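Here's the structure we're looking at; comments come further down.
The values are calculated or read from the model by the stated rules, or taken from the named source; none is laboratory data. Being a predicted model, the structure only gives us computed values, none of them experimental. Here the Cβ positions follow ideal geometry from the backbone for every residue, glycine too, while neighbour counts run over all protein chains shown. Please note that ligands, DNA and RNA were not included when accessible areas were found on the heavy atoms of the full protein model with its side chains. Shrake-Rupley method; radii C 1.70, N 1.55, O 1.52, S 1.80 Å.
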Amino acid sequence: MLDQFAILSKGGFVLWQKTFIPVMGSPIDALIKDVLIEERAGTNIFYKDSYALKWTFANEVDLVFVVAFQKILQLQYVDELLETVKQVFIKTFEQDIINNNGIDGDYNLFNDTFDTLLRQLEEKHSTNRQRAPRKFEQTKKYETTLKGSQEVNSPSSKSKSANSVSPAGIDQDEISKNIQALKLQSSPRTGSRAKKGRQQNSSKSPNINNDESSKKKKSQKQARTWEGQIARGEMESLDYSSKATMTSEEEAAQAAQLADPTKYGTINKDGVYEVLDVDQNNDNNEDDDDDEEEYDILQHHEEDKKTQNSTGGGMFSFFKNITGQRELTTDALDPVLSDMKEHLIKKNVASDIAEHLCQSVRTSLLGKKIGNWGRVSTMVRDSMEAALKRILTPKTSLDILRDVEQAKAERRPYVISFIGVNGVGKSTNLSKVCFWLLQNNYKVLIAACDTFRSGAVEQLRVHARNLRALQTSGQGSVELFERGYGKDSAGIAKEAISFATSNHFDVVLIDTAGRMQDNEPLMRALAKLVAVNNPDKIIFVGEALVGNEAVDQLTKFNQSLKDFSGLQNPRHIDGIILTKFDTIDDKVGAALSMTYITGQPIYFVGTGQTYTDLKNLRVSHVVNRRRLCTNYYTRHQPRLLTSLYQQQYYATRTANAVIDMTDRGLVANITSPDLIKKTESPTAIYCGVDPTANSLHLGNLVTLMGLLHFGIHGHQAIALVGGATGSIGDPSGRSTERVPLSAEVLDQNVAGIERQVHRFFKNGTAYAIGRGYSAKTKSPKVLNNYDWFSGMTALDFLGQIGRYARVNTMLAKESVKSRIESTQGISFTEFSYQLLQAYDFYYLYQNHDCRVQLGGSDQWGNITAGIDLIGKRRGSIDEEEKNNLDNRAFGITIPLLLTSSGEKFGKSAGNAVWLDETKTSYFDFYQFFMKTTDADVGKYLSMFTLLDKDQIAHIMNEHQKTPEKRKAQQVLADETTELVHGLDGVRKAQVATKVLFGGDIRTVSGQEIVGAFENDSSRMVKLDRNTVVGGNLDLIATLTKATRSKSEAQKLIKSGGMYLNNVRVNDPRHKISESDLIDSKVCVLRAGKASYHIVNIV
């Protein structure tokens, strides 16, 4: 009854999965995107379309176990299945999981084990359904009796109840019983029914036309008087026509007070006016007090434990403390998280959001290992910081100006609708946005669609007059479109958009009536306005002060837009403007509560009453790293680029190498999102490879593609061959130490790789130009680190590198930890490898202006070691200079690639596929990609070609119509072969394919066949002409090793299994004649179905 079960690493690799029936869509992908990445893992179930998904973490090994099933099913055994499978899988494959994060493991043996576990649990729970009736003592009614209540409240009962929810010390049967009991206790039927009833009662509107009620309640707000029936006093207060009009000088003087010159934004290099960022330095001293308070809150639970655990001494205890580890349990986490939750609520975070956040952090940390010197509070703080950043970082473009330009190209105005409750400052913030647009020389039309509030139109009229007075230069202009009060707001908005289109306005800003979120008639009117006019952006304006109230407002506004639109695909809120942001200290609460609910970004924040009081909000301004981060290494934790890069660089996706690579799935992590800004201008990037063989293989092609992307985007690519480090060997991803190579073999390998890198870039550059890229690609630098290590003495090594390294940091590296815990251990030689690679980065930084290191995801620890060394070696430089973007070092990692079946990419029948045609022929290289599965071909087209998204989408659409023709695989094979081997390699691979797959050989010349197999010694054999011409076919078959003997060849011929030039031969005495040779140069023998042998006549 399950649909799918999958075991994933937290890095995104599928280690094992089982699909019971075809799954529609990608429910597990949706779980990762919408729950796990978005820090909503505190929930226990996720629904996607018709599926329900449950999951559990194994944090000690960074695995996630996920099960998907139809949500209409009530499967009682799912939770027990997850826990059981988790324990059995980890115990069975413990060593495979530890080695290289489990990527290289073979988990096919788990299929039978899983089937057995599933069958047992299904049988167990199907039997449980037919259990005997419960005894009276087991019912809820018994608890209401005197004896029952005494038992429930007894200390032993409470102790038993407390122990039942603890994961420690109970067997699998107890876990199963607890799950069933919790399900019975948490049945939602009664509660939901009562809640529904209360909602129905509370939704009734009071009768505002009841005269007696009006008289009794003198303070009640009077009903609105509509147009034509306005009271005299109101009419006079709103009548501006009889008052003397101000002169232009008076208007300018009044307007000048609404634009603070000190708060004007800046003009960037493209001539775009940008509003200022929120001033991060405006934090007052109370923040420091908060820091100390939070530190104390998170630390005090651990002090007693530290005192109790700090027994023992001497050298043995010292090393034990370095390498020892303990597991994070519920008892250790809950007190810290409880105080963290209270702290978040005090910081203005909505209580339910604080609860979800803490549960998510708890789920991500439970079971993780922590060193004896580590603090639980530190891990909680770091995890919470990462969670906050992932939530607050925008997932879509914030570049409204780019969207406006796109709308102009379509000859239509760009429409923004501002919505929100009464009194939050919609009109004021609309005017601030208008001022920003005017500074960028846009023609703006303000649509007065607040036909409900008295004075709303007049307020906009004043704003428009002031904005015009301030616009003394440039092409920007602003006008007000109004139709008075009492009209249909949706109709006015439609007229305004039509007017803007015919009069060539660039932007329409729609002001809507303020309304409370529970006022259904007004919410219906708002939904109608949105549905009729379909604005480009719907911006919710909310106060930063209101805490939980803001959450309720935002939720109900968003829901109303969906419920009342009448559309199949209704609109929702696209972004937020937070007002009164300058009046609060706890900015994290206001920003977090709003973004968590909708998942939508904060476009601007309002910080005052003037038109220049509109600011950008960066994530770093909200999440103060000083509060949540305690050491340098934490600042280099991996960040998920898929959400970070879109923050403000979306518009330059084709011009930035990092963004282009991310779109293609070539980026796993980056050390800082500032890398994107850094790579907007040319820099140098390097990637290292150790010469363990005389050729690179397909596993290296992924990182070579990374270097090529940087090269074709105008950066200097540096390929570093490890002539020095290759003699040691990188321990990353290995369970045993590498066998050392001789100096002679090492030199040969270095020379071979250097030639190969140059050839790859030569072919790759030609390939890129053929795909529309610029011809300005720089030639790569190919360096050898033996050049700077060969003259370094041991004392130099210790003085220049060793003094800056910290043993505890080196021990914390994953590559070292996994080896220490293995039976083989790790030698000092391999232990020091990370220091050598760190010095490589420092040397290239100093001597080649290299600021970026690229590597596989298993190189993360080595990359951050290099960044640390650079920072420490440059420690004497002042802080401002050190943080200068031009001086900072960055790291970027490429994902380790697995096929859809879980196999390591780049292997063919267990053997490496080399980039050297003498080790892997053109044909075999080409056929490797021709054999790509349908599940992988789209991904590989993105990663290993330079075809754009539209081309790939078209190829995949055509492929899906007739997948048996393997059109996508053929394109992939053509593109990758041209990339690595050039056009000549493609032609030779295609010729070999035609020859070896039964094609018409007469259309291929003999010279082409010889050229296609010139480096394929396993298939082509050179024989003397006198031996071949006139010789028996059985003899030639034996000489080419198509058969082991002449008699075996004769039997094969008689059975119809021998072919000459793809034509079956039936005569065992057949002699090869001159006419059997193609261009008198070659003939082709085939023994059986696939044993081909090319005879080259010499």
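Values computed for the structure shown
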{"read-out": "Filtered residues of region 444-482 (kept if of a type in the set (Phe, Trp, Tyr) and modelled with pLDDT of 85 or more)", "value": "Phe481"}
{"read-out": "Some residue of region 518-527 being at pLDDT 90 or above, part of a helix (DSSP H, G or I) and basic (Lys, Arg)", "value": "no"}
{"read-out": "Search result, residues across region 705-722 that are in contact with a helix residue (DSSP H, G or I) (Cβ under 6 Å, 6 or more places away or on another chain) and either farther than 19 Å from Trp860 by Cβ or among the β-branched types (Val, Ile, Thr) (or both)", "value": "Leu708, His709, Ile712, His713, Ala717, Ala719, Val721"}
{"read-out": "Candidate set: region 33-66, residues that are modelled with pLDDT of 80 or more and surrounded by fewer than 17 Cβ atoms within 10 Å (Cβ to Cβ); chosen: the one nearest to Gln87 (Cα to Cα)", "value": "Ile45"}
{"read-out": "Breaking point among (1) open to solvent by less than 50 Å² (accessible area, probe 1.4 Å); (2) in contact with a helix residue (DSSP H, G or I) (Cβ under 9 Å, 6 or more places away or on another chain); (3) free of Cβ contacts under 8 Å to residues at least 60 places away in the same chain; (4) not small (Gly, Ala, Ser), for Leu82", "value": "(2)"}
{"read-out": "Verdict on Gly542 being at pLDDT below 85 and crowded, with 20+ Cβ neighbours inside 10 Å", "value": "yes"}
{"read-out": "Residues of region 753-783 that turn out to be farther than 25 Å from Leu947 by Cβ and surrounded by 19 or more Cβ atoms within 10 Å (Cβ to Cβ), as a count", "value": "2"}
{"read-out": "Number of the condition not met by Ser942 [criteria: (1) buried (at least 19 other Cβ atoms within 10 Å of the Cβ); (2) touching a residue at least 24 places away in the same chain (Cβ under 8 Å)]", "value": "(1)"}
{"read-out": "Boolean, Gly982 is outside any loop (DSSP other than H, G, I, E, B) and either over 41 Å from the mean Cα position of the chain (by Cα) or not hydrophobic (A, V, I, L, M, F, W, C) (or both)", "value": "yes"}
{"read-out": "Test result for Gly1011, farther than 23 Å from Met661 by Cβ and in contact (Cβ under 8 Å) with a residue 60 or more places away in the chain", "value": "no"}
{"read-out": "Condition met for Pro740 (assigned to a loop (DSSP other than H, G, I, E, B) and at pLDDT 90 or above)", "value": "no"}
{"read-out": "Every pair of residues 6+ apart whose Cβ atoms lie under 6 Å, when the first sits in region 499-528 and is surrounded by 22 or more Cβ atoms within 10 Å (Cβ to Cβ) and of a type in the set (D, E, K, R) while the second is assigned to a loop (DSSP other than H, G, I, E, B) and at pLDDT 90 or above", "value": "Asp506/Tyr442"}
{"read-out": "Some residue of region 1006-1028 being surrounded by 20 or more Cβ atoms within 10 Å (Cβ to Cβ), aromatic (Phe, Trp, Tyr), at pLDDT below 90 and in a loop (DSSP other than H, G, I, E, B)", "value": "yes"}
{"read-out": "Candidates Gln87, Gln4 - the one that is closer than 27 Å to His125 by Cα, open to solvent by 20 Å² or more (accessible area, probe 1.4 Å), not in a strand (DSSP E or B) and not charged (D, E, K, R)", "value": "Gln87"}
{"read-out": "Residue within region 1018-1026 that is more than 27 Å from Gln927 (Cα to Cα) and touching a Pro at 6+ places or on another chain (Cβ under 9 Å) present", "value": "no"}
{"read-out": "Of residues in region 96-112 being surrounded by 14 or more Cβ atoms within 10 Å (Cβ to Cβ) and not in a loop (DSSP other than H, G, I, E, B), the one modelled with the highest pLDDT", "value": "Phe110"}
{"read-out": "His848, sole failed condition from (1) open to solvent by less than 30 Å² (accessible area, probe 1.4 Å); (2) at pLDDT 85 or above", "value": "(1)"}
{"read-out": "Filter pass, Arg987 being within 57 Å of the chain's Cα centre (by Cα), part of a helix (DSSP H, G or I), basic (Lys, Arg) and surrounded by fewer than 20 Cβ atoms within 10 Å (Cβ to Cβ)", "value": "yes"}
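This table checks each residue for (1) outside any loop (DSSP other than H, G, I, E, B); (2) under 30 Å from Lys762 (Cβ atoms); (3) open to solvent by 70 Å² or more (accessible area, probe 1.4 Å).
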{"residue": "Asp974", "(1), (2), (3)": "yes, yes, no"}
{"residue": "Ala992", "(1), (2), (3)": "yes, yes, no"}
{"residue": "Ala1042", "(1), (2), (3)": "no, no, no"}
{"residue": "Glu1048", "(1), (2), (3)": "yes, no, no"}
